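Report on the structure given below.
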Amino acid sequence: MSTPLPVLFLDIDDVLCLNNGVSGIDVVDAVKGWHDDPAAVYRAAFAPGAAEVLERVHDSMGGGLRYVVSSTWRWSLGREQLREVFRKGGLGFVATHLHDANRWCTPMRSTPGMRIDEVADWLFRHHRGEAYAIVDDEFSGHSLQPALTRPDHPFFGRVVLCEEGVGLHDGHAQTLVDALSTPAVRLGERK
């Protein structure tokens, strides 16, 4: 039996999409055919620097990585729509490596919950000991904040929180690579 590929839980707003002229709402409008110039929206959706950092992390894993979307974008866009957005936005590697149809996003609740609960729920359902990392922003990922400083936290060393308007940057890359290179025990199991 082969070892499962590492998983990166990926938020989008304030991680890749910095809302500098193009927001998630614009992307949804483009997907649904309600925007005058959808191609321009896709080209501007993802900050080039953030996209480059994510691609370097991806490449450092030898392309052996799966993405699970934890972003609120999953409320408006399905898996195939998001794959198309990633492709048209220059992140084809994410589109190609988005987890399968049953595991591509964290569980959706009737009302958006705390990100820590959504990630933990996915891990309880699907985790098989593979390495994982979580990239989110400080606002939607505020529930993950303790994982940055508490060594006893189950997500310690596996979380990157991006600053609003800054997004993913070079200073985050090594934390993600380290987490994605370190197998993890299943939640609830002892090390």
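Observations
- Some residue of the stretch 18-28 being in contact (Cβ under 8 Å) with a residue 24 or more places away in the chain, small (Gly, Ala, Ser), crowded, with 18+ Cβ neighbours inside 10 Å and closer than 24 Å to GLN174 by Cβ: no
- Highlighted here are the helices (runs of 4 or more DSSP H) found entirely within the stretch 56-162 that include at least 1 residues which are of a type in the set (Val, Ile, Thr), buried (at least 16 other Cβ atoms within 10 Å of the Cβ) and in contact with a strand residue (DSSP E or B) (Cβ under 7 Å, 6 or more places away or on another chain): 92-96, 115-126.
- Conditions (1) farther than 14 Å from LEU16 by Cα; (2) free of Cβ contacts under 8 Å to residues at least 40 places away in the same chain; number of the one not met by GLU84: (2)
- Within the stretch 78-121, if we keep just the residues that are modelled with pLDDT under 95, in contact with a helix residue (DSSP H, G or I) (Cβ under 7 Å, 6 or more places away or on another chain) and aliphatic (A, V, I, L, M), the residue that is farthest from ALA147 (Cα to Cα) turns out to be ALA101.
The values are calculated or read from the model by the stated rules, or taken from the named source; none is laboratory data. All figures in this text were calculated on a predicted structure; none of them were measured in a lab. Glycine also receives a Cβ, built like all others from the backbone with ideal geometry; neighbour counts cover every protein chain displayed.
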